[in-house]
Amino acid sequence: MKCCSYKIGVIVEIMDSSDGRYKLITIGQDPKDIYTFTRLVVGNETLILNCEYNEITVDDLKVGDFVVAYHSNVMTMSIPPQTSAYIIEVK
C-alpha cells in the first residue's frame with residue numbers, strides 16, 4: 001500500500017481557503033484543460049522546496065511554477081479533485 005501519490009504540473013491558481021487557514025494551489029498537466037487539474041490544500045505541515053531542495057514558504061510560489069506535488073491518496077470527487085499536499089518541489 002502506498003502512503004501517497006504525486007502529480008506533476010504547472011501552478012495555475014493560488015488562493016486562500018474560505019477560513020484563511022490554508023492556501024489552495026491548483027496545478028495542471030495542461031493549463032488549458034481543467035480535467036488535468038488538481039487542487040492542493042497546503043497547510044503549515046506541508047514541506048515546500050525550491051529546485052536546490054532548500055525549504056521555502058508558500059508565499060514564494062507563483063503561478064507558472066513547474067512543480068512535483070506529493071499528496072494524500074484521499075481526494076474529493078469534484079472537478080478539480082482536492083487533496084492534502086505533503087511535499088511540493090519547485091523544479
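The values are calculated or read from the model by the stated rules, or taken from the named source; none is laboratory data. Since we're looking at a predicted model, the values are computed, not measured. No Cβ is skipped: glycine too gets one built from the backbone with ideal geometry, and neighbour counts run over all protein chains shown. We work out accessible area using only protein heavy atoms, side chains counted, and drop any ligands, DNA or RNA first. Shrake-Rupley method; radii C 1.70, N 1.55, O 1.52, S 1.80 Å.
Based on the convex hull around the alpha carbon atoms, the chain presents an average projected area of 5.9 nm².
Taking the protein heavy atoms of segment 5-91 in the context of the full set of protein chains, the accessible area attributed to carbon and sulfur is 52 percent at 1.4 Å. With an 8 Å cut-off on Cα pairs and a minimum separation of 6 or more residues, tell me the relative contact order of the chain in percent. Relative contact order comes out at 33 percent.
Roughly how many Å² is the accessible area per residue of the chain, as a whole number, for a 1.4 Å probe?
That works out to 63 Å² per residue.
Would you kindly calculate the translational diffusion coefficient of segment 1-53, applying Stokes-Einstein with the Kirkwood radius from alpha carbon pairs, for 37 °C and a viscosity of 0.692 mPa s, and quote it in µm² s⁻¹ without decimals? Can you show the working numbers first?
On the way: Rh = 12.5 Å.
Calculated translational D: 263 µm²/s.
Extending 7 Å from the Cα toward the beta-carbon at both TYR6 and VAL68 defines two label points whose distance is 0.3 nm. For segment 1-60, GluC sites (Glu not before Pro) are listed when DSSP marks them as loop and at most 11 other Cβ atoms sit within 10 Å of their Cβ; the list is GLU45, GLU52. For the pair ILE79 and LEU49, the difference between a 0.36 nm per residue extended length and the Cα-Cα distance amounts to 8.1 nm.
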